[in-house]
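As structure tokens, the structure follows; a few thoughts come after it.
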Amino acid sequence: MAIRPFFSAGVWTQGRGAPFESRNPETGEVIATLSSASVEDLDVAVSAARTAVAAPSWAGLAPHLRARLLHRMGELIDRDRERLAEVQMVDNGKTLAECRALLESAANTFRYYAAACETMEGSVPPSRGAYLNIAIEVPFGVVGAITPWNSPATLEAQKLAPILAAGNAIILKPSEVTPLIALEYAALAKESGFPDGIVSVLTGGIELGRAMVSHPGIDMISFTGGTAGGRHIAAEAARMLKPVVLELGGKSPHIVCEDSDLEKAAKAVAMGIFSGAGQSCVAGSRIFVEKTIAEGFTATLVDIARSLRLGPPADSATQIGPLVTFAHRDNVHAHVTRALAAGANLLTGGELPDDATLSAGAYYPPTLLNGVSNRSDIAQQEVFGPVGVILTFEDDEDLIAQANDSEFGLAAGLWTRDIERAWKIAARLQTGTLWLNSYKNLSISTPFQGHKQSGLGREKGLDGLRQYLQAKAVFWPA
Ligand code: NAD
């Protein structure tokens with residue numbers, strides 16, 4: 001199989017690092033062999049980015065013309081959506097329906113930031129002397145973006161669009177597990193007309209990510225991934241005094257009070273943990289049910305979990321595809337095995353499927369556990385698979401104490417018909433996103449930020465653009 005090059009400094013390049021493979025998790029087959037960028041290759045991309053970001057063809061481009069390039073990216077993603085959705089599916093294992101939705105969201109992300117870039121205004125603060133003072137926003141320069149494997153089509157659009165809208169150059173390193181969609185985006189960026197060097201996509205593993213963080217020619221790092229990686233990056237960035245944006249892990253509470261619409265709540269709780277096979281940073285993996293309804297609600301949830309259809313991601317009847325890799329599937333299973341050994345009660349799932357059509361892929365069944373405390377490892381560690389832990393609570397004080405007892409603070413869901421109770425609980429939950437009587441609504445116009453160990457900085461919305469800009473005050477004496 002020919003080694004796929006990466007896109008650096010406006011050209012497709014064979015890297016000097018050791019090539020690596022990407023596999024289809026449905027079958028285990030190798031779908032691409034990829035070139036890996038060495039430190040020397042990174043130097044080339046950085047140097048081209050530094051030149052391009054300062055050149056009149058980019059630095060002198062008025063915002064409405066930069067916006068036009070972003071609009072083109074959105075249109076090209078729409079044009080190629082079906083093909084791109086398939087690329088995403090075979091690399092990542094998500095269902096085709098879900099991949100189509102990811103691509104639709106990615107195109108809209110480019111359009112949203114095109115509009116934001118074109119209409120963004122500076123300010124003229126009140127003068128405190130005989131001068132005019134203006135606050136303008138300028139780009140950082142070259143931003144390094146590092147992304148995970150779970151939803152690369154949207155997560156990479158959420159890096160590219162605002163970083164470029166702000167007038168920076170970007171060097172994007174996708175996950176070594178799912179590198180393909182980023183390379184497609186590189187080709188579309190070239191076709192859109194971004195100047196050479198403004199968008200580079202380098203493929204490679206953690207070593208390449210580390211080299212980006214410590215590279216003196218990269219002015220800022222934007223990282224989405226696990227909390228462990230985020231901590232390393234923050235430490236290295238602190239040494240270099242380099243600004244960082246970190247979007248990290250979660251262990252989100254999904255709460256069901258006794259007065260909720262239980263049918264709707266059960267469906268949403270199941271979707272919250274099982275959609276995308278649970279490989280979502282906002283997966284509602286800690287399911288808190290009020291004690292008075294716990295038995296009945298648990299039974300309903302188990303029924304839903306058993307009814308979900310595991311299968312090939314291209315099949316329109318499939319609700320849950322394979323996990324991203326066999327190694328990840330084994331890791332998810334190891335979490336469940338350890339929880340059972342520590343005394344958890346298995347309600348459903350928890351075993352590798354023996355069905356002949358599924359045994360070739362990295363499938364894992366929807367799994368529910370109970371009989372553990374919120375302090376147990378399975379309730380505290382991010383499993384990142386279709387594994388939900390059902391916990392109970394006595395009253396609101398007990399609920400708040402348990403729900404907030406987590407190092408994470410990414411998202412939460414709350415089901416109740418009592419608006420006063422909803423407001424009181426919502427106000428006390430430590431979370432960056434809260435869904436009331438719903439789960440997993442996401443919008444590019446609305447800031448997304450992890451509290452506690454779930455992140456630093458915010459993505460999406462206008463704040464998601466501003467974080468890639470720095471203030472520059474200009475004083476002009478009368
Ligand atoms: P990961 O942290 O293992 O890897 C993410 C990316 O960072 C990859 O490209 C990897 O090569 C690179 N990387 C890892 N360690 C690094 C280091 N020390 N220095 C530089 N680069 C490094 O994460 P993953 O397993 O790919 O993704 C799953 C994680 O991502 C989960 O924890 C999930 O919650 C999180 N996530 C968070 C959000 C969010 O918006 N908060 C969104 C999606 C995923």
Practice problem: Give, as residue ranges, the strands (runs of 3 or more DSSP E) completely inside segment 367-478 that count at least 3 residues that are not assigned by TED's automatic domain parsing to the domain that holds residue 340. | Solution: 469-477
Quiz item: When the residues of segment 211-264 are filtered to those that are charged (D, E, K, R) and closer than 28 Å to residue 49 by Cα, which remaining residue is nearest to the ligand (Cβ to nearest atom)?
Solution: 247
Quiz item: Of the residues 299, 234, 294, which single one is outside the structural domain of residue 422 (by TED's automatic domain parsing), small (Gly, Ala, Ser) and farther than 21 Å from residue 329 by Cα?
Solution: 234
Practice problem: Output the residues belonging to segment 407-432 that are buried (at least 22 other Cβ atoms within 10 Å of the Cβ) and within 13 Å of the ligand (Cβ to nearest atom). | Solution: 408, 409, 410, 411, 431, 432
Quiz prompt | segment 444-458 - residue that is under 28 Å from residue 267 (Cβ atoms) and within 13 Å of the chain's Cα centre (by Cα) and, of those, most open to solvent (accessible area, probe 1.4 Å) | solution = 449
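Conditions tested, residue by residue: (1) within 22 Å of residue 3 (Cβ to Cβ); (2) in the same structural domain as residue 72 (by TED's automatic domain parsing); (3) at pLDDT 95 or above; (4) part of a helix (DSSP H, G or I).
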| site | (1), (2), (3), (4) |
| --- | --- |
| 153 | no, yes, yes, yes |
| 170 | no, yes, yes, no |
| 176 | yes, yes, yes, no |
| 181 | yes, yes, yes, yes |
| 184 | yes, yes, yes, yes |
| 187 | yes, yes, yes, yes |
| 191 | no, yes, yes, yes |
| 204 | yes, yes, yes, no |
Quiz item: For residue 196, all conditions in the list (1) assigned to a loop (DSSP other than H, G, I, E, B); (2) within 10 Å of the ligand (Cβ to nearest atom); (3) open to solvent by 30 Å² or more (accessible area, probe 1.4 Å) hold save one; what is the number of the exception?
Solution: (2)
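The values are calculated or read from the model by the stated rules, or taken from the named source; none is laboratory data. These numbers were taken from a predicted model, which means no experiment stands behind them. Cβ coordinates were reconstructed from backbone atoms using ideal geometry, including for glycine residues, and neighbour counts include every protein chain displayed. These accessible areas exclude ligands, DNA and RNA; they are computed on the full protein's heavy atoms, side chains included. Shrake-Rupley method; radii C 1.70, N 1.55, O 1.52, S 1.80 Å.
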